[in-house]
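**Student:** Let me give you the structure first, and then I'll get to my questions.
No value in this document is a laboratory result; all are computed from the given coordinates. Here the structure is a predicted model, which is why all the values come from computation and not from measurement. Because the Cβ atoms are built from the backbone with ideal geometry, glycine has one as well, and the counts that use them run over all protein chains shown.
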Amino acid sequence: MQKFFNTSGPCEPDDHYMVTCDQRLENLFSLIDKKRYFIFHAPRQTGKTTNMIAFARELNAQEKYIALYVNIEAGQACRNDVEAVNEIIVSEFEDSAVSFLDEKYLPSKNCYDYRSLNKALGSFLTKWCRELPKPLVLFLDEVDALIGDSLISVLRQLRSGYTRRPKAFPHAMCLIGVRDIRDYRIYSDSAKKYIIGGSAFNIKEKSIRLNNFTFDQIKDLYTQHTDQTGQTFNNHAIERVFELTDGQPWLVNALAREICFEDRIAQGQTVTVDHVNIAKEVLIERRDVHLDQLADKLTEPRVMRVIQTILLGEYQENSILPDDIQYLIDLGLIKKGSSGLEIANPIYREVIPRELTAVTQISINQNPAWYIHENGKLNIDKLLDEYIRFYKQHSEMITARKTYTEAAHHLFLWPGFKESSIVAALLKENMQRA
């Protein structure tokens, strides 16, 4: 079977081109050997699950530990029902053990005999670890999918069992999610107050954030395709991918998949910068799942506050909270650049204003030919002059937005631009002139 660039679900080495686990994770073996509990977090679709499954397999192959990956997202459906969530999580353990481990390591029936469902997870782990001939290493994924008292219950059971390791509790453990657990603010319905995640799980050794691909990793990923098919990416094309994506793994794979497999933009040809630019536009226009999920976040009030500040290019003290900024960084929406906060990469930078002006773009009947030079470049002076005139006559239509009202005039003009700093500077100068 020919491998391909994967954009949905975990990567499998037999099916997909992929950046290997050892290229992205360093020093994890040391944490495992030292019996540490730690956090592994990164935005959606960056390779968390792929890397942790691969790492668990590698540990099992070394035969020093018994390593198991378990996804506990199913517990989210039961929300604050602590007993039901515990029961679901134990069931997920059973299914994962059957799928990933040798039969001789599977939990006995005795492991499922617990006195209270409120403490089912802790009891199960204690009994199972006592049965196993080797230390157990756990990778728990989607921990932050749980909410409220259910999440607090899970974290506290893990904390309670920590002192029993490794004989009667997991030797080492990795909690996997989008956010660092210290940033969780968990509302306890029973206590009627917020609990900080770091206090409910104060046994973590460290938090590890999975970084984006480097240029060399993108080059290695694309070279795998070249080795299999003979189709090459010239160096400028790879540089353009890195520039557009900032190494975001889903975007890196999606661009290559569009070019080589989906629309086959560069079928039978060396991939060039032009092919990359075409693929970028296709992804944005088509609103693939990853980009659609990104756009969906824009309506959240805390997201709105930060994004609007970046769009305006003006930061006012106390206008946004540090927790809001960290939340967006954890989501992968923004990053700390050399000149302050900025949208995470150029593709997101185009997706966000286009999403916020989607209705406007399809409802205003304008022929762009009158503000484009013969060489195809934008006539900025003419466009701005006409926009100022239009704004004076129809400002109420522009500022009547229910969201992002302060950035309304920026967004209305933005579809012709790619950089918020340019828009902000030009508009500010021309509005003052008007």
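**Student:** Name the GluC sites (Glu not before Pro) in the range 14-100 that are in a loop by DSSP and that have at most 11 other C-beta atoms within 10 Å, would you?
**Tutor:** Taking the range 14-100 and a limit of 11 other Cβ atoms within 10 Å, the loop GluC sites (Glu not before Pro) found are Glu26, Glu63.
**Student:** Express in whole angstrom the spacing between the alpha-carbon centres of the range 191-267 and the range 1-64.
**Tutor:** What the calculation gives is 13 Å, centre to centre.
**Student:** Just subtract the alpha-carbon distance of Glu374 and Asp33 from 0.36 nm times their residue separation and send over the number in nm, one decimal.
**Tutor:** Difference between extended and current length: 116.2 nm.
**Student:** For the range 38-52, in order, what is each residue's ³J(HN,Hα) by Karplus, 6.51 cos²θ - 1.76 cosθ + 1.60 with θ = phi - 60°, in whole Hz (x at glycine and Pro)?
**Tutor:** Coupling constants for the range 38-52: 9, 10, 10, 9, 5, x, 4, 6, 10, x, 4, 5, 3, 5, 6 Hz.
**Student:** Taking the range 8-38, which chymotrypsin sites (Phe, Trp or Tyr not before Pro) meet the DSSP loop condition and have no more than 13 other C-beta atoms within 10 Å?
**Tutor:** Here no chymotrypsin sites (Phe, Trp or Tyr not before Pro) fit, given the DSSP loop and packing criteria.
**Student:** For the chain, find the longest principal axis of its Cα atoms and tell me its angle to the long axis of helix 120-131, 0 to 90°, nearest 10.
**Tutor:** For 120-131 against the chain, the angle is about 60 degrees.
**Student:** Could you name the aspartates and glutamates in cross-link range of Lys127, using Cα to Cα under 19 Å and dropping any fewer than eight places away on the same chain?
**Tutor:** In chain and number order, the partners are Glu83, Glu87, Glu92, Glu94, Asp95, Asp102, Glu103, Asp113.
**Student:** Output the 0 to 90 degree angle, nearest 10, between the alpha-carbon long axis of helix 322-331 and the longest principal axis computed from the alpha carbons of the chain.
**Tutor:** Around 80 degrees separate the two axes.
**Student:** Let me ask something else about it. Be a star and scan the range 84-98 for residues whose amide nitrogen sits under 16 Å from the point 7 Å along the Cα-to-Cβ vector of Leu117.
**Tutor:** Answer for the range 84-98: 84-92.
**Student:** Can I ask one more? Rounded to the nearest 5, what is the percent of antiparallel bridges among the DSSP beta bridges in the chain? Kindly include the intermediate steps, with their values, before the conclusion.
**Tutor:** Working: 9 of 30 bridges.
Of those bridges, close to 30 percent are antiparallel.
**Student:** At most 15 other Cβ atoms within 10 Å and a DSSP loop assignment: could you name the trypsin sites (Lys or Arg not before Pro) in the range 139-216 that fit?
**Tutor:** Here the trypsin sites (Lys or Arg not before Pro) that fit, given the DSSP loop and packing criteria, are Lys167, Lys192.
**Student:** While we're looking at this one, here's another question. Tilt of helix 148-161 relative to the longest C-alpha principal axis of the chain, in degrees (0 to 90, nearest 10)?
**Tutor:** 50 degrees
**Student:** At 222 nm, what value in deg cm²/dmol follows for the chain if DSSP H runs of at least 4 each add -39500 (n - 2.57) and the sum is divided by all its residues, to the nearest 500? Walk me through the numbers on the way to the answer.
**Tutor:** Details: 19 runs with 210 residues, N = 434.
Rounded to the nearest 500, it is -14500 deg cm²/dmol.
**Student:** Would you mind checking which residues have amide H under 5 Å from Tyr187's amide H? H placed 1.01 Å from N; only 5 or more apart, or other chain.
**Tutor:** Close amide H contacts, sequence-distant or interchain: Gly148, Ile195.
**Student:** If you stretched the chain out fully between Asp95 and Asn235, how much longer would it get, using 0.36 nm times the residue separation minus the C-alpha to C-alpha distance?
**Tutor:** Values: separation 140, 0.36 × 140 = 50.40 nm, distance 4.51 nm.
The span from Asp95 to Asn235 would gain 45.9 nm if fully extended.
**Student:** Using Stokes-Einstein with the Kirkwood hydrodynamic radius over Cα pairs, what translational diffusion coefficient do you get for the chain at 20 °C and a viscosity of 1.002 mPa s, in µm²/s rounded to a whole number?
**Tutor:** 88 µm²/s
**Student:** Output the direction-averaged projected area (hull surface divided by four) of the convex hull of the alpha-carbon atoms of the range 26-176, in nm². Numbers along the way, then the final one.
**Tutor:** On the way: hull surface 33.3 nm².
With the hull built on Cα positions only, its mean projection is 8.3 nm².
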